[in-house]
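Rule-based calculations on the coordinates, nothing more; no lab input. Quick caveat: nothing in here was measured; it's all calculated off a predicted structure. Quick reminder, even Gly has a Cβ in these numbers, built from the backbone with ideal geometry, and neighbours come from all protein chains shown.
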Amino acid sequence: MRLFVALDLPWELRRKVAVLAGTGIPGARWVPPDNYHLTLRFIGETPSYLAEEIDYALAGLRARQFPLTLTGVGIFAKGGRSTALWVGVERNPQLDHLQNKIETALKRAGLDPERRRFQPHLTLARLDNVAEAKLASYVQAHNLFRADPVPVEHFTLFSSQLGKEASVYTAEVEYALA
Ligand code: 3AM
């Protein structure tokens with residue numbers, strides 16, 4: 001199984017985000033709202049014995065519920081080329097704390113530590129070879145986006161099946177926050 005840990009988001013919030021999607025950047029591959037999520041930790045291809053360890057470790061994690069606010073849009077780039085358009089997250093120490101606890105739990109389960117810095121975001125579109133000028137004006141036009149805060153009451157272990165168009169994500173286990 002290909003696994004990752006993420007926040008799934010309530011539909012009221014997905015609907016607000018979806019308003020940002022679909023137009024303004026020719027060639028962008030917009031993520032369908034069904035697939036919107038905020039990744040806390042990508043795990044990757046996992047044998048079933050390890051998936052059990054991961055589930056056990058995540059189930060033992062204790063953390064509190066907190067509010068989450070999506071705001072702004074931004075771009076990830078690699079080698080000077082834009083690869084993803086995302087909606088940002090307002091600074092959120094409780095989210096960082098949860099992500100930290102997940103990282104610790106996964107280390108305990110036997111995973112190698114994640115070296116990349118946690119940059120909370122919701123991927124709105126994947127990009128290859130889109131016009132940078134269009135992208136720049138899109139970001140400028142939508143940068144003041146801000147959604148009302150939503151309560152985060154659980155986090156989720158997802159499996160992902162890569163598809164030609166969009167991947168299919170399945171919520172395997174939900175872990176409640178206190
Ligand atoms: O949440 P986003 O969309 O930013 O790009 C994948 C997606 O990120 C990312 O994990 C999330 C759920 O699939 N992902 C896929 N392969 C990855 C990898 N090898 C990866 N992240 C890190 N390393």
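Of the residues making up segment 26-50, those that are out of contact with any Ser or Thr (no Cβ under 9 Å at 6 or more places or on another chain) and in a helix (DSSP H, G or I) number 5.
Looking only at residues in segment 84-107 that are of a type outside the set (S, T, N, Q), within 18 Å of residue 69 (Cα to Cα) and not in a helix (DSSP H, G or I), the one that is nearest to the ligand (Cβ to nearest atom) is 86.
So is residue 28 of a type in the set (A, V, I, L, M), surrounded by fewer than 19 Cβ atoms within 10 Å (Cβ to Cβ), touching a residue at least 40 places away in the same chain (Cβ under 8 Å) and in contact with a strand residue (DSSP E or B) (Cβ under 8 Å, 6 or more places away or on another chain) or not? Considered against the rule, which asks whether it is of a type in the set (A, V, I, L, M), surrounded by fewer than 19 Cβ atoms within 10 Å (Cβ to Cβ), touching a residue at least 40 places away in the same chain (Cβ under 8 Å) and in contact with a strand residue (DSSP E or B) (Cβ under 8 Å, 6 or more places away or on another chain), residue 28 comes out as no.
Report the residue count in segment 1-25 for those that are surrounded by fewer than 16 Cβ atoms within 10 Å (Cβ to Cβ), within 12 Å of the ligand (Cβ to nearest atom) and not in a strand (DSSP E or B). So the answer is 0. Counting just the residues of segment 108-124 that are near the ligand (Cβ under 10 Å from one of its atoms) and touching a residue at least 60 places away in the same chain (Cβ under 8 Å), which one comes out farthest from the chain's Cα centre (by Cα)? In this case the residue turns out to be 114. Number of residues in segment 135-172 that are away from the ligand (no atom under 16 Å from the Cβ), in a strand (DSSP E or B) and farther than 14 Å from residue 65 by Cβ: the value is 1. Residues of segment 54-100 being more than 24 Å from residue 35 (Cα to Cα) and buried (at least 18 other Cβ atoms within 10 Å of the Cβ), which ones? The answer is 57, 63. Evaluating residue 169 against the criteria (1) surrounded by 15 or more Cβ atoms within 10 Å (Cβ to Cβ); (2) of a type outside the set (Asp, Glu); (3) in contact with a Leu (Cβ under 8 Å, 6 or more places away or on another chain); (4) under 25 Å from residue 54 (Cα atoms) leaves one unmet condition, (3).
Residue 79: among the small types (Gly, Ala, Ser), away from the ligand (no atom under 13 Å from the Cβ) and in contact with a helix residue (DSSP H, G or I) (Cβ under 9 Å, 6 or more places away or on another chain), yes or no? The answer is no for residue 79. Counting only residues that are of a type in the set (S, T, N, Q) and assigned to a strand (DSSP E or B), segment 51-71 holds 1 of them. Taking the conditions (1) crowded, with 18+ Cβ neighbours inside 10 Å; (2) touching a helix residue (DSSP H, G or I) at 6+ places or on another chain (Cβ under 8 Å); (3) more than 21 Å from residue 70 (Cα to Cα) in turn, residue 114 satisfies each one other than (1).
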